[in-house]
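Below are the structure tokens for one structure; questions will follow.
The values are calculated or read from the model by the stated rules, or taken from the named source; none is laboratory data. Everything quoted here is computed from the prediction, not taken from an experiment. Neighbour counts run over all protein chains shown; Cβ positions are idealised from the backbone, glycine included. Calculation scope for accessible area: heavy atoms of the full protein, side chains included, ligands and nucleic acids excluded. Shrake-Rupley method; radii C 1.70, N 1.55, O 1.52, S 1.80 Å.
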Amino acid sequence: MMPNIQPHLENQQVLLLPLQEIDFEALYATAADPSIWEQHPNKDRWRPEVFRTFFDGAMQSHGAFKIVDKATNEVAGSTRFYGYNEQDNSILIGYTFYATRYWGKGFNSGVKALMLDYIYQFVSQVYFHIGGQNTRSQIAIGRMGAEKIAEEEIAYFGEAPKLNFVYRLTKENWLARQ
């Protein structure tokens, strides 16, 4: 049975709220900074028409979140659950981005921990697709205990395939780090 992949999640820093169509303008205002996308597979996501495709994919996933900074009530970024696989007892977390003012402040690790603690109630492993040139995200996910297991050409929603590294984090490894 597929878990609810769009619950309301919260910790001391952030709210993860199910993404809604009315969130487009606020999320685009966060995403419009080209420096956010420098290491991502699609470096043009800061452009409105390219971001619209990204946002439409997020809405169709039914697993995307708006990340809200609880201290300021500002939209900090977005992330999502996707690709639930009942046979493999797994799911993916990805499509994550943050405004640069949130980089290096523990937001990413806090959001990922919140998501992992929730989803490991339902699955035994989580995968991450990370762009082959996105060293920032590769380092961050490695620090959380995920292991690189493959390299694949991944076609993100509405985009051409690009080289991604596949990382896996098992529930057992996650719990051992707690």
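Between LEU92, LEU116, LEU163, where does the largest GNM mean-square fluctuation fall for the chain, given springs only between Cα atoms within less than 10 Å?
LEU163
Round to the nearest 0.05 the FRET efficiency obtained for GLU25 and GLU172 when R0 = 30 Å and r is the Cβ-Cβ distance.
E(calc), rounded to 0.05, equals 0.10.
Here is a further query. What accessible area per residue comes out for the chain, rounded to a whole number of Å², with a 1.4 Å probe?
Per residue, the chain has an accessible area of 48 Å².
What nm distance separates the two modelled labels at ILE139 and GLU152, each placed 7 Å from Cα along Cα→Cβ?
That separation, rounded to one decimal, is 2.7 nm.
With +1 assigned to the C-beta of every Lys and Arg and -1 to the C-beta of every Asp and Glu, and no other charges, what is the dipole magnitude of the stretch 1-131 about the Cα centre in debye, to the nearest 20?
Approximately 260 debye in magnitude.
With a 1.4 Å probe and every protein chain kept in, tell me what percent of the accessible surface of the chain is carbon plus sulfur.
51 percent
Starting from 0.36 nm per residue, how many nanometres of slack lie between LYS70 and ARG47 once their C-alpha separation is accounted for?
Full-extension gain reported as 5.6 nm.
For every helix of n ≥ 4 consecutive DSSP H residues, a contribution of -39,500 (n - 2.57) applies; sum these over the chain, divide by its total residues, and give [θ] at 222 nm rounded to the nearest 500 deg cm²/dmol.
Taking each H run of at least 4 residues, the total per residue is -8000 deg cm²/dmol.
Out of these labelled values of Kirkwood radius over Cα pairs in Å, (i) 16.3; (ii) 18.9; (iii) 17.4, which was calculated from the coordinates shown here?
It is the one labelled (i).
Structure shown: which of LYS105/LYS148; LYS66/LYS171; LYS70/LYS162 lie over 28 Å apart, alpha-carbon to alpha-carbon?
LYS70/LYS162
Which whole-number percent is the relative contact order of the stretch 3-145 (Cα, under 8 Å, 6+ apart)?
The normalised contact order for the stretch 3-145 reaches 26 percent.
What is the packing order of peptides 73-86, 48-61, taking the mean over residues of other C-beta atoms within 10 Å and listing the highest first?
Final packing ranking: 73-86, 48-61.
Also, quick follow-up: Which whole-number percentage describes the relative contact order of the stretch 88-178, with Cα contacts under 8 Å and a sequence gap of 6 or more?
This gives 31 percent for the stretch 88-178.
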